[in-house]
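Have a look at the structure below, then the notes.
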Amino acid sequence: MKSWLKEHRAPVLINAVLMLLAAACIFGFVKVRNTLTYTNAAKEWAGESGERFAYVSCFLPVNGKVGEETVRSFESAVNAKLVEASMEAEEGKSLWKYAYSGAGNVTVTTERGSSSVYAMGVGGDFFSFHRMFLRSGNYIAESDLMHDRVVLDKELAWKLFGAIEVDGMELEINGKRFIVAGVVERDGDFASAISYPENSGLYMAYDVFNEMTGEEISCCEAVLPNPVSGFAKNMVTESFTASGVEVVEVSARYRLGNIFDIIGSFGKRSMRTDGIIYPSWENAARLTEDYCALFLVLFLMFMATPLCFGAVLAYKYGKRGAEKLGVLAREKATALYDRANDRLYEREQSRKE
């Protein structure tokens, strides 16, 4: 063994290094895949029920945005399809949840002055999908009696008020008075930091936002039952009636089949002709997908040589082993034959006597 290692020291070391690099790629793939916490919305909704759910997002083109009536029709259509599929929730509970959002610029005024801010108008269970860490106060909800509260992120709160714990303080948005409900922490991962728009960080109820800006819904998200693969995505595709909509199954985006599709569409993925502007969280997810694709390609490249080296060794020493086994088998067969002949000879001799 030692002589063999000494003889093949260089190729063994090279292949060992390549395998370590391949292992590092696997680690990087898993690390990046688990970077974005919001992609786990389906697992969180399922809890310990043991049932399968899928997280599906719809993205609309700039010239194809929709209003709340489309979302309500979508809700009704999904409920009807679930009943049709004999899926009904227990009393007082729901089988699925959804959220929607739109984005646009507003003017925010405080005692420190006015600033143009890129704001999000949100509805449904938005903050159960995007559960940013609360530094102070509370989230806003569609069920709030008055939609006169907003959520700020830490950076915007500091810019507008010079402080972070500002829940309960007042500000004006496009000339209307609002109260700060809470302050959240931006997601600290590398992808979110890159994709988060500058001069943003304000979240308000969609209906009020729409009245102020005229901006409509550009994204709708849902977590639904998914008893078989593709069931939830197909249901959303059939139920969300809007032209030019792109439907993405978020909970399936890091599966190997999807990552291989990204590798296969290298270059084309960067070309957009449908006028869709993704929200920051989707841009962050697409960035992590690209990194996962890169790690997968590097893994395959690093493992190619060790696999070939292993195959050559297996063939070479397997052939030698087969030859030795053949010789050993022949020797054993010969020994058994000779022993059988000796016994027959002894029996014949004993009969003659």
Inset, instruction - State whether the stretch 155-292 is rounded, prolate or oblate according to the following rule on the C-alpha gyration tensor (a ≥ b ≥ c being the square roots of its eigenvalues): a/c under 1.5 gives rounded; otherwise a/b larger than b/c gives prolate, and the remaining case gives oblate. - result: prolate
Inset, instruction - Give the angle, between 0 and 90 degrees and rounded to the nearest 10, that separates the Cα long axis of helix 68-84 from the longest principal axis of the Cα atoms of the chain. - result: 40 degrees
Inset, instruction - Please give the calculated 222 nm ellipticity per residue for the chain, where each DSSP H segment of at least 4 residues contributes -39500 (n - 2.57) and the sum is spread over every residue; nearest 500 deg cm²/dmol? - result: -16000 deg cm²/dmol
Legend entry - Packing-based ranking, highest mean first, of 101-109, 279-287 given that Cβ atoms within 10 Å are counted: 279-287, 101-109
Inset, instruction - With Kirkwood radius over Cα pairs in Å in mind, check [x] 20.8; [y] 21.6; [z] 25.0 and report the label derived from this structure. - result: [z]
Inset, instruction - Determine the per residue accessible area of the stretch 191-294 with all protein chains present and a 1.4 angstrom probe, expressed in square angstrom. - result: 45 Å²
Inset, instruction - Give me the distance in nm between label points sitting 7 Å out from Cα along the Cα-to-Cβ direction at Ser94 and Tyr315, one decimal. - result: 6.1 nm
Legend entry - Met301-Thr273 pseudo-label distance in nm [points 7 Å out on the Cα-to-Cβ vector]: 3.0 nm
Inset, instruction - Rank these by accessible area, largest first, 1.4 Å probe: Ser218, Ser94. - result: Ser94, Ser218
Inset, instruction - Calculate what fraction, in whole %, of the accessible area of the chain sits on carbon and sulfur atoms when a 1.4 Å probe is rolled over the protein chains. - result: 56 percent
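The values are calculated or read from the model by the stated rules, or taken from the named source; none is laboratory data. A quick note: this is a predicted structure, and the numbers were derived from the prediction, not measured. Virtual Cβ from ideal backbone geometry, glycine too; neighbours counted across all protein chains shown. Calculation scope for accessible area: heavy atoms of the full protein, side chains included, ligands and nucleic acids excluded. Shrake-Rupley method; radii C 1.70, N 1.55, O 1.52, S 1.80 Å.
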